[in-house]
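K.L.:
Handing you this structure, nothing more for now.
All of the numbers you see were taken from the coordinates with simple rules; none came from a lab. What you are looking at is a predicted structure, and each value in this text was computed from that prediction instead of being measured. FYI the Cβ positions are ideal-geometry reconstructions off the backbone, even for glycines, and counts take in every protein chain you see.
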Amino acid sequence: MWHEILFRVLSIINYVVLIVIAIPLLLQLIYVLFAFIPKKRWPKSEKKGRIAYLIPAHNEGSVIADTVRNVLEGQNYPKELYDVYVVAHNCTDNTAELARAAGAKVLVLDDPDPAHRMALYPLKHGVQELIALEGEEAYDMIVHLDADNRINAEFSSLMNDAYQSGVDFARPYEGALNGAQNFYTKACALFYAFDSRFGSRVRERMGVAAHVNGSGAMMSVRMLRECGGYDCVSISDDAEFNFNRMLEGRKGHYVEDAIVYEDMPSSFRDTLNRNKRIGSGGMKLLKEKLLKMFGKFFTTGNFSFMEMFLTYIFNFLTILISIWIPLYYVYHFTYTALIINDVISVSWMPVSFYASMLWTTLWCAVGIAGGLFILFGFGQAALLAILDYKKLGAKHRRELISAVLLFPVFLLLYAITLCIGALSKPSWGKVARNVPPPQSSAEDAQSDEHTPDGADGAQ
């Protein structure tokens, strides 16, 4: 009968889905199991390079001055060797004046094109201006920061150590300024810290290319000149830049003790908008770049390409997990229950077969859901809360308990909003900026680094 054929076809599809899901999940499990491998430490260098901190900013008057001062006044690095540049992008407030008064060098970019609202355009502009400098004015490195970021005191020295070791492209640890503010900030802090604490450390020690995404990325000027500047066009420009460099044969690295503290979304609206942009940009890159990464693995044998593919595809597999698995197992359970109760007649297999399958289906669904929730929900969140709570903006581990307990709910929310983003155009709206903690909070986080307890705003 037709419903028996449908049952068989859907069962086969489900087996394929489970296999596809299992592969990147296994990779995530490896990251967790090897999370306690010693971190990579770059050799200290007596040679010091010149660093330009580049901050795209659109109407960021509420935060830009503090960010500039944090960088200029808070680094354990020769002050004559680093500067802060702010690209005031279509500003209608006093962002430029406040940044200049705080000590930044300001580049004003008035670009009326509505298609150029994304932060990548002022970033491209700033990069082109900086790599054109020559002689004593030239810089060795450019570090991209968002208008609300903070960095730890050792950031410049640590990035310089990596640069002097031959690194052209590197990412820091991504911490949180306001990780204990509310549920959204706590959950976001835990989610984004996973790749820093687990994935990036393991990749670096295993010789796999780092995912150099987000704020705090260090780019050498020599590399930027060779590739023609910041050659990106998509809404996920940081990921696109990373892909472009990998496809050129370059390798990103991870400087773990260099920390950039980010302002996490503090409302459902900001969380939704952020995830929608990730989903929209990720879908574009999936079509244009990610499949090239997959193919590159087979032509080069370099596992970095396969690892990058599996990690990024995992974001979209969360959509599959959230939609397919609940719908399929509800259908499967209902179908077998109807057969057992003689509501539907079958001819291919005896009723006893479906009776045994009923309980098998139930326990399979419970096992899949339980495994995912425990391992990738409670498990990873609890580990991060225990190990890195200060980097996540909390003074005590107990401040993150609610986020740990509700983290699976956040993952489900993330999957749904990612799906919405993949199927729609991203929305651009001013995000709510949160008042950063006192300077001492960031410093305290640093002092415990080695102890056992140890986005230009959306426009």
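K.L.:
Sticking with the crude label model, points 7 Å out along Cα→Cβ, report the distance from THR360 to LEU247 in nm, one decimal please.
P.N.:
Distance between label points: 4.5 nm.
K.L.:
While we're on this one: With n ≥ 4 as the cut-off for DSSP H runs, can you work out [θ] at 222 nm for the chain, using -39500 (n - 2.57) per run divided by the number of residues, rounded to the nearest 500? List each step's numbers first, then the result.
P.N.:
Details: 16 runs with 236 residues, N = 459.
Roughly -17000 deg cm²/dmol at 222 nm, from the helical runs in the chain.
K.L.:
A further question on this structure: Need one word for the stretch 251-363: rounded, prolate or oblate. Basis is the Cα gyration tensor (sqrt eigenvalues a ≥ b ≥ c); a/c below 1.5 gives rounded, then a/b vs b/c decides.
P.N.:
Cα axes put the stretch 251-363 in the prolate bin.
K.L.:
Counting only C-alpha contacts under 8 Å and six or more residues apart, can you give the relative contact order of the stretch 113-202 as a whole percent?
P.N.:
15 percent
K.L.:
Could you work out the relative contact order of the stretch 149-308? I mean the mean sequence separation of Cα pairs under 8 Å and 6+ apart, divided by the number of residues, in percent.
P.N.:
Relative contact order here is 36 percent.
K.L.:
Have a look at LEU130, HIS89, TYR15 and report the one farthest towards the positive end of the charge dipole of the chain, computed about the Cα centre with Cβ charges (Lys/Arg +1, Asp/Glu -1).
P.N.:
After comparing all options, I get TYR15.
K.L.:
Amide H neighbours of LEU54 under 5 Å, counting only residues 5+ apart in sequence or on other chains, H built in-plane at 1.01 Å?
P.N.:
It is TYR85, VAL143, HIS144, LEU145, by chain and number.
K.L.:
Right, here's the next one. For the chain, with the dipole built from +1 on Lys and Arg beta-carbon atoms and -1 on Asp and Glu ones, taken about the Cα centre, which of VAL409, HIS253, LEU384 lies farthest toward the positive end?
P.N.:
VAL409
K.L.:
Let me ask something else. Based on Cβ point charges of +1 for Lys and Arg and -1 for Asp and Glu, what charge dipole magnitude is obtained for the stretch 1-79 about its Cα centre, in debye rounded to the nearest 20?
P.N.:
Charge dipole of the stretch 1-79: 660 debye, to the nearest 20.
K.L.:
In addition: Two decimals is fine: what is log10 I(q)/I(0) at q = 0.15, 0.18, 0.19, 0.26 Å⁻¹ for the stretch 120-212, from a Debye sum with one equal scatterer on every Cα and no solvent?
P.N.:
Values, matching the q order: -0.79, -1.06, -1.14, -1.38.
K.L.:
Over the alpha carbons of the stretch 237-284, what is the largest minus smallest coordinate on each principal axis, giving the biggest first in Å?
P.N.:
Principal axes ranked by extent give 39, 32, 10 Å for the Cα atoms.
K.L.:
A further question follows. Would you mind calculating the gained length between LEU338 and LEU133 on full extension (0.36 nm times residue separation, minus the Cα-Cα distance), in nm to one decimal?
P.N.:
Length difference between fully extended and current span is 66.4 nm.
K.L.:
Further question: Taking only the Cα atoms of the stretch 83-153, how large is their convex hull per residue, in Å³?
P.N.:
Cα convex hull per residue, to the nearest whole number: 109 Å³.
K.L.:
Can you put HIS116, HIS89, HIS332 in order of Cβ neighbours within 10 angstrom, beginning with the fewest?
P.N.:
HIS116, HIS332, HIS89
K.L.:
Counting Lys and Arg as +1 and Asp and Glu as -1, each charge on the Cβ, what is the dipole of the stretch 89-172 about the Cα centre in debye, to the nearest 20?
P.N.:
Rounded to the nearest 20 debye, it is 240 debye.
K.L.:
Can you put ARG201, ARG250 in order, fewest other beta carbons within 10 Å first?
P.N.:
ARG250, ARG201
K.L.:
Sticking with this one: Using the reciprocal of the averaged 1/r over all distinct C-alpha pairs, how large is the Kirkwood radius of the chain in Å?
P.N.:
23.5 Å is the Kirkwood radius here.
K.L.:
Based on alpha-carbon atoms only, what is the radius of gyration of the stretch 199-294 relative to the globular estimate 2.2 N^0.38 Å?
P.N.:
Ratio of Cα Rg to 2.2 N^0.38 Å: 1.17.
K.L.:
Hey, another quick one. Nearest 20 debye, what's the magnitude of the dipole of the chain about its Cα centre given +1 on Lys and Arg Cβ and -1 on Asp and Glu Cβ?
P.N.:
Approximately 1100 debye in magnitude.
K.L.:
Same structure, new question: Can you bin the stretch 6-128 into rounded, prolate or oblate? Criterion: square roots of the alpha carbon gyration tensor eigenvalues sorted a ≥ b ≥ c, rounded for a/c under 1.5, prolate for a/b above b/c, oblate for the rest.
P.N.:
In terms of gyration-tensor shape, oblate.
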